[in-house]
Amino acid sequence: MNAESKKITRFTLLQRIEHWLLFLSFTTLAVTGLSQKYALSGISDAIIGFLGGIENVRAIHHFAAIIFMLEAVYHLVVIGYKLLVLRLRASLLPGSEDVIDGIQSLLYNLGVRKELPRMDRFNFAEKLEYWAMIWGLVMMSLTGFMLWNPIATTHFLPGEFIPAAKSAHGNEAVLAVLAILVWHFYNVHLRHWNWSMFTGKLTRKEMEEEHPLELEAIESGASAVRPAPRVQSRRLAVYAPVALLASAGLIFGIYKFTSFENTAIKTIPPAITGVAVYVKQTPSPIPTQPPAPTTAPLRTLAPGATAGLLTWDTGIGQVFADNCKTCHGNAGGLNLGSYANAMQGGADGPVIIAGDPAISLLIQKMSGSHPRTLSPAALAQVEAWIKAGAPEK
């Protein structure tokens, strides 16, 4: 074996097991979480069906979250042991040299610099990815607690925090998955396939290219320096009970995290056998009203209104209130709750062009694949109202 192909240990067996548990729990969280966030997509529908329904998907998601949090507790204990007992250097802590390495790498990629900077055990990109994972753990844990325990959350925070937590939880998940696929997979498995998390070792040549400073420390013996056994035992005697107590507290916190409250979905009587908890939304989520005769008014006209002239106040406004206000009745986006808001339109501009129903976006949407459509009679009367100039009173 030549010197270039000599194998150098980079990760221990326990570190590799930790990485694989992280990979499995993260992947499970991503698959089960995104299939709930985008539940109406075909892929999500297939995943939910394959896993036995939405309740199973939620249970699997919760189990993977528990594994992820338990692994974080283990990781914290190991980091404490390395820093406080063995007194190893905090190789994942970012510093000013990482900023310099990042700038020099950018210049190298632009062709301005001839050589890449000499990297240590972990380069600036790996440190950035590590701390992004720590940030994701904190963010997902906080928002996950709010979603898992919404009643308890609203005892301390306004109710608006629950939908805000749902939005933050889902969007952070998308960001994390994209970072792994685009950043991690490219650098570790596409640009150059790295076997160290499979075998625990890299060749000397790979170490020279990617971690030359660490290689120098290994070959000089500097990385093998450990405290004397007596000193190490004394430190461990102090660290072990503290770590044990902290671990017990964190594990108890995870237990409370997962069993803090019985929400309404658990306290109501069990569902009738055979009734699905989750039903995919259809274009017609409520029973369709029988079509009224086209010659009859859509609704009873207001007192004093002229039968021949349908206005917002004499029926059209109520059509929108009955059929559209659930989704288009609040501030933000298209609001069909009042005449002024309806005529103003939404983010893309007016949806009602008085006098011309053919180019009115509202008619185009209702005539197409909008999730909620009007009956033919109601649509005909809305068209007639727009054609008559969309009067209010």
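Looking only at residues in region 219-234 that are open to solvent by less than 60 Å² (accessible area, probe 1.4 Å) and part of a helix (DSSP H, G or I), the one that is modelled with the lowest pLDDT is 223.
This table checks each residue for (1) among the hydrophobic types (A, V, I, L, M, F, W, C); (2) open to solvent by less than 50 Å² (accessible area, probe 1.4 Å); (3) out of contact with any Cys (no Cβ under 6 Å at 6 or more places or on another chain); (4) over 25 Å from residue 22 (Cα atoms).
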{"residue": "142", "(1), (2), (3), (4)": "yes, no, yes, no"}
{"residue": "147", "(1), (2), (3), (4)": "yes, no, yes, no"}
{"residue": "153", "(1), (2), (3), (4)": "no, yes, yes, yes"}
{"residue": "158", "(1), (2), (3), (4)": "no, no, yes, yes"}
{"residue": "163", "(1), (2), (3), (4)": "no, no, yes, yes"}
{"residue": "169", "(1), (2), (3), (4)": "no, yes, yes, no"}
{"residue": "173", "(1), (2), (3), (4)": "yes, yes, yes, no"}
{"residue": "176", "(1), (2), (3), (4)": "yes, yes, yes, no"}
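Suppose we keep only residues that are assigned to a helix (DSSP H, G or I) and in contact with a helix residue (DSSP H, G or I) (Cβ under 8 Å, 6 or more places away or on another chain) within region 35-44. Which one would you say is most open to solvent (accessible area, probe 1.4 Å)?
43
Residues are listed down the side, and each one gets a yes or a no for (1) touching a Gly at 6+ places or on another chain (Cβ under 9 Å); (2) part of a helix (DSSP H, G or I); (3) touching a residue at least 24 places away in the same chain (Cβ under 8 Å); (4) farther than 23 Å from residue 119 by Cβ:
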site: 18; (1), (2), (3), (4): no, yes, yes, no
site: 33; (1), (2), (3), (4): yes, yes, yes, yes
site: 46; (1), (2), (3), (4): no, yes, no, yes
site: 49; (1), (2), (3), (4): no, yes, no, yes
site: 56; (1), (2), (3), (4): no, yes, no, yes
site: 76; (1), (2), (3), (4): no, yes, yes, yes
site: 82; (1), (2), (3), (4): no, yes, no, no
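Taking residues in region 223-247 that are within 29 Å of residue 212 (Cα to Cα), and partners anywhere that are surrounded by 13 or more Cβ atoms within 10 Å (Cβ to Cβ) and of a type in the set (A, V, I, L, M), the pairs with Cβ atoms closer than 6 Å and at least 6 places apart or on different chains are 223/217. When restricted to residues that are of a type outside the set (A, V, I, L, M, F, W, C) and at pLDDT below 90, region 235-258 contains 2.
When residue 180 is evaluated against the numbered criteria (1) open to solvent by 40 Å² or more (accessible area, probe 1.4 Å); (2) closer than 24 Å to residue 64 by Cα; (3) without any contact (Cβ under 8 Å) to a residue 60 or more places away in the chain, which criterion, by number, is the only one it fails? Going through the list (1) open to solvent by 40 Å² or more (accessible area, probe 1.4 Å); (2) closer than 24 Å to residue 64 by Cα; (3) without any contact (Cβ under 8 Å) to a residue 60 or more places away in the chain, residue 180 breaks only (3). For region 344-370, the tally of residues that are more than 13 Å from residue 385 (Cα to Cα) and open to solvent by 50 Å² or more (accessible area, probe 1.4 Å) stands at 11.
So for region 188-198 (the condition being at pLDDT 90 or above, exposed (fewer than 11 other Cβ atoms within 10 Å of the Cβ) and assigned to a helix (DSSP H, G or I)), does at least one residue qualify? No - not one qualifying residue is present in region 188-198.
Specify the residue that is farthest from residue 67 (Cα to Cα); the eligible residues are those in region 20-31 that are surrounded by 15 or more Cβ atoms within 10 Å (Cβ to Cβ) and without any contact (Cβ under 8 Å) to a residue 40 or more places away in the chain.
Taking the candidates together, the pick is 31.
The values are calculated or read from the model by the stated rules, or taken from the named source; none is laboratory data. All values reported here derive from a predicted model rather than from experimental measurement. A quick note on method: Cβ atoms are made from the backbone with ideal geometry, for glycine too, and the neighbour counts reach across all protein chains shown. When the accessible area is computed, the model is the full protein with side chains, heavy atoms only, and any ligands, DNA or RNA have been set aside. Shrake-Rupley method; radii C 1.70, N 1.55, O 1.52, S 1.80 Å.
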